[in-house]
Every structure is written in structure tokens, then in C-alpha cells.
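See structure below.
Please treat every number below as a calculation from the coordinates, not as lab data. Treat the numbers as computed from the prediction; the structure is a model and nothing was measured. Neighbour counts run over all protein chains shown; Cβ positions are idealised from the backbone, glycine included.
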Amino acid sequence: MRTAPYLFNLFVEAFHWILANEFKKDSLPVVIIHYLDHFLIIYPGQQSPEIYSKRFQVLVAAVGLLIKASKNEQGKVVCFAGLELDTEQMVVRLPRSKLEKAQRTIEDATKATSISLLELQKITGFLNFVGIITPLGRAFLRRLYNMQLFFPAHSRHYQRRISSEARKDLNWWHRLLAVGPERSIRTETREIVFSWSDAAGTKGLGASYISGGSIRPEAISSHTPMSIPSEPHPGMAFSITLPRYLRTSRKHINTKEMRAVEQALLH
């Protein structure tokens, strides 16, 4: 039925509402998150998990649902939606089984000389999921997606030699997965830095920055005067000459502008 997913989601949303209201009636503080039929219940550390577990089981039975024992976990380290949540170290990571699968998949791909479109699509799809914990990783899928464009449309099993550019992405993932990537879920306030950069056609490029600790973000995009230090500190600005190949070539000015941004980040 085409309407089955819609009806299923309506039922799950209703059950979410029931859980939230029943926990509230029992004066049990809780945050509930659900993804399809997967429910994540977050409660204060000083509360007893048995109270929440028993109440959840009663409510599940009341609406005629069953709990899959193999996916029913509680504690400071649990799996949810294919990821491992660690509230003791406050990180999210891949479960051991998924990490080992990713390592084997990339290991086999780096050793292969050719690959089919179907295999490449499976790799990019899986690595796109891994990108949840490594947001930078999605930038290292571009060359793998580019390689997919050169396969014939009639067969997903046609083999092509792995290009040198695609192999660069595979090698990056191979090094990353070897160390078991993690992503912090701490609610930390990071320092804000405002940076300005510019480049001239043949002269050079430069940039400056201001710490945003005492600057209101809305002042950046308005005419409100900002609290700029009267005496610049060493290292708050720099300028360098353009590389020779950029000065002598007919590169678009946007290329030189991006080089200024790159040097500002490296500085």
C-alpha cells in the first residue's frame, strides 16, 4: 500500500505522544527521540533506569506492541539508529561491527585495481552514513562520485579501473577508519573568530581576524559599531605575495580569492 508508511508514521507519532504524557504524569523527567520504530529515552543520571524500563514495557504492552530484545539496551553506552552513543565520554561512534565492516570494505577497495558501478555505489552509500560522525568525510566522497559518471548506463556490473583521483579518497578513508573516528556530543561553547581576506590580481593576498568573544554576531552584518581592539595584536593580520604560478597565469580572480581564504585558515 502506498499509504502504509504514512499510516505507520502516524501510529508511531501517537505512541511518542503517549509516552511523553505518561512519563509526565508519573513526574519522570525524560527526553524522547524516535526514528521510525526506534525509540531513544534520555533521563537524568541520578534516576533509576529500572523505573523507566518497567514503565516503557507496560506502555508498549498496553498498545499491543512487542519489544525486540536484541535491540533493547540501557546504560551509558547504547546503539541507536546504527550509531553508538556514549554518554560517559560524551561521544558518538560507529558500533564495532559497523566499524569493522567499513574497514574491510575500504581495505578491499584499496587493494583492487578495478571496480563495478554497483560496488562503488555501495561504498559511497555506506561512507555517506559514516559521514554522520565525520562531517569532513563527505568532502572526500567527491572524487568517488565523479568516477560514477564514467560508467556506462546500461550495466551496473561493468568494471572500470579505479582512477588515481578516486584512489586518493579511498586512501583518506582508509587512514581515518584505522583510528576509529568519534564525534563529540558535548554542549560546549566554541570561540567565535571573524576573519576577512582579500587578494589582488598580481600583487598578493592577505587577511585579518578579530576574536568574537566581545562582538555581537548581528553587528557584523549591520552598521552597528563593533568593539575592535585599538591596538592589533601580533598575528591578527598578514599579507604575502602570490605564488609565481598564480601571478603569471590567467587564473580567475576567484581562484586567488580562495587561496587567500586557504592561507587565512592555515595562518
*Select from Ile41, Phe11, Leu59 the residue farthest towards the positive end of the dipole of the chain; place +1 on Cβ of Lys and Arg, -1 on Cβ of Asp and Glu, and compute about the Cα centre.*
Phe11
*asked:* Let me spell out the model: positive unit charges on the Cβ of Lys and Arg, negative unit charges on the Cβ of Asp and Glu, origin at the Cα centre of the chain. What dipole size does that give, in debye rounded to 20?
replied: 1220 debye
*Classify the chain as rounded, prolate or oblate from the Cα gyration tensor: take a ≥ b ≥ c as the square roots of its eigenvalues, call it rounded if a/c is under 1.5, otherwise prolate when a/b beats b/c and oblate if not.*
oblate
*How far is helix 253-266 tilted, in degrees, relative to the longest principal axis of the Cα atoms in the chain, given as a value from 0 to 90 rounded to the nearest 10?*
70 degrees
*asked:* If you fit an axis through the alpha-carbon atoms of helix 49-62 and take the longest principal axis of the Cα set of the chain, what angle between them do you get, 0 to 90°, nearest 10?
replied: 70 degrees
*Given Cα pairs under 8 Å that are at least 6 residues apart, what percent is the relative contact order of the chain?*
13 percent
